[in-house]
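Visitor: This structure is in structure tokens; I'll ask about it shortly.
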Amino acid sequence: MTNVAPSSRVAVVILNWNGKHHLETYLPSVLKWSPDHVDVWVADNGSADDSVAWLRSAHGNRVRIVELPTNVGFAEGYNQALAHIEADWYVLLNSDVRIVEPWIDPVIEVMEAREWAVASPLVVQDVAPSRCEHAGAAGGMLDVDGYPFCVGRVFASCEAVGERHTADREVFWASGACFFIRREAWELAGGFDGSLFAHMEEIDVCWRLKNQGLRVGCVGSVRVQHLGGGTLAVASPKKTYLNFRNNLIVMLKNRRGFWPTFMVRRMALDGLAAWKFLLGGEVRLFWAVGMAHASLYRRLFATLKVRRRLQRVAVSQEAPLVGWWPRSVVWHHFVRGAQTVWDLPDFLPGR
């Protein structure tokens, strides 16, 4: 296998916010497995701990630093950081990702061969590397109502890694935990939507690029290990709020068709999820869903304006986008008992 030409500059960019403990644990593996032609950056998002001082002391000869004065969120943090970084390829890497094998060149080689604009490797759990990880697994998909799921993960059900997860395949979205993107694609998309703050920004970028005719993939032959939940706990009301709000905004911006129909259907399903939280005693999560919908109402006209702009630049595509499943994963998982994508009828996991 040939290496990526040194003239093709690659920048690995880790966004950090009060995450010195993650940097101490995971950054050494990134440095170990990153070739010489790769620049490793840490973009500090206004941390209050001594992350920057530790980086300069421990890795000042290898790691470059961008300091942002305040925490502007995951999405805008990367937007501002990458404005300072010149490279042909960007690899946006969570601070809690462990690298265990050659990763940069193998992923980019597959992307070049398949003409993918964006990709991620197979993401497995750091605490249990034999199992797929929630944030991307073996490639992200989307159902008819805009709910994300993965090859290897449907809602909270994560599969043990097998041969069918280690294939390279075209998908709908790439994992934000380890997000490879060509510079030209990043510029075409205009970066992340900073107003999302955190969560779903990678799905939004992938959807926008796919609507313009570009392709997204998962290089299952390469794996990284992700801790997950490094900034917000899984059951955090803030995380619930951001996930529900941003999912609605991303779908309204990017999905084709008569928007009132699919938005009303989706918001009704969110309502059922909210009542499920309440009946389960999760009052704060119930309110988080309600606040997410209230935020959408406040942003409705601004989001529709963005939708109109994006539709003007979208290319005409008769066939469904790869990775889009025109059925309800909610119904098939919670009612029909589907635990994996292989249980979903007529689902094609990409090739």
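Values quoted throughout were computed directly from the atomic coordinates according to the rules given, and no laboratory measurement underlies them. This is a predicted model, so every value here is computed, not measured. With ideal geometry, Cβ positions are generated from the backbone for all residues, glycine too; neighbour counts draw on all protein chains shown.
Visitor: Could you let me know the centre-to-centre spacing of segment 12-76 and segment 144-208, using Cα atoms, in angstrom?
Guide: Here the two parts' Cα centres lie 23 Å apart.
Visitor: Follow-up. Give me the percent of DSSP beta bridges within the chain that run antiparallel, rounded to the nearest 5.
Guide: 45
Visitor: So, one more: Express the C-alpha Rg of segment 100-182 as a ratio against the empirical globular expectation 2.2 N^0.38 Å, rounded to two decimals.
Guide: Here the answer is 1.05, to two decimals.
Visitor: Still on this structure, please answer the following. If you build a Gaussian network model of the chain, linking Cα atoms that sit under 10 Å apart, which residue out of 257, 323, 19 swings the most?
Guide: 257
Visitor: Work out the length of the dipole vector of the chain about its Cα centre, built from +1 on the beta-carbon of each Lys and Arg and -1 on the beta-carbon of each Asp and Glu, and round it to the nearest 20 debye.
Guide: 1320
Visitor: Out of 225, 148, 79, whose Cα points farthest toward the positive end of the dipole of the chain (charges: +1 Lys, Arg; -1 Asp, Glu; placed on Cβ)?
Guide: 148
Visitor: Between 295, 34, 95, where does the largest GNM mean-square fluctuation fall for the chain, given springs only between Cα atoms within less than 10 Å?
Guide: Top of the fluctuation ranking is 295.
Visitor: Once amide H atoms are placed 1.01 Å from N in the peptide plane, what residues at a sequence separation of 5 or more from residue 236, or on another chain, have their amide H within under 5 Å of its amide H?
Guide: HN-HN under 5 Å from residue 236: empty list.
Visitor: In debye to the nearest 20, how big a dipole does segment 237-315 give about its Cα centre with +1 on each Lys and Arg Cβ and -1 on each Asp and Glu Cβ?
Guide: 500
Visitor: Next up: Given a 10 angstrom Cα cut-off, can you work out which residue in 146, 162, 217 is the most mobile in a GNM of the chain?
Guide: 162
Visitor: Given Cα pairs under 8 Å that are at least 6 residues apart, what percent is the relative contact order of segment 237-315?
Guide: Relative contact order, segment 237-315: 47 percent.
Visitor: Apply the Karplus curve 6.51 cos²θ - 1.76 cosθ + 1.60, θ = phi - 60°, to the phi angles in segment 63-69 and return the couplings in whole Hz, x for Gly and Pro.
Guide: 9, 8, 10, 10, 9, 9, x
Visitor: Given the DSSP H assignment, sum -39500 (n - 2.57) over each helix run of at least 4 residues in the chain and divide by its residue total; what's the result at 222 nm in deg cm²/dmol, nearest 500?
Guide: Helix-only estimate at 222 nm: -12000 deg cm²/dmol.
Visitor: Something else now. Check residue 226: other-chain or 5+ apart residues with amide H under 5 Å from its amide H, H built from backbone geometry?
Guide: Here 98, 124, 125, 126 satisfy the definition.
Visitor: Moving to a separate point now. Hey, which aspartates and glutamates would be in cross-link range of residue 20, C-alpha to C-alpha under 17 Å, not counting anything within fewer than 8 residues on its own chain?
Guide: The qualifying aspartates and glutamates are 44, 49, 50, 67, 96.
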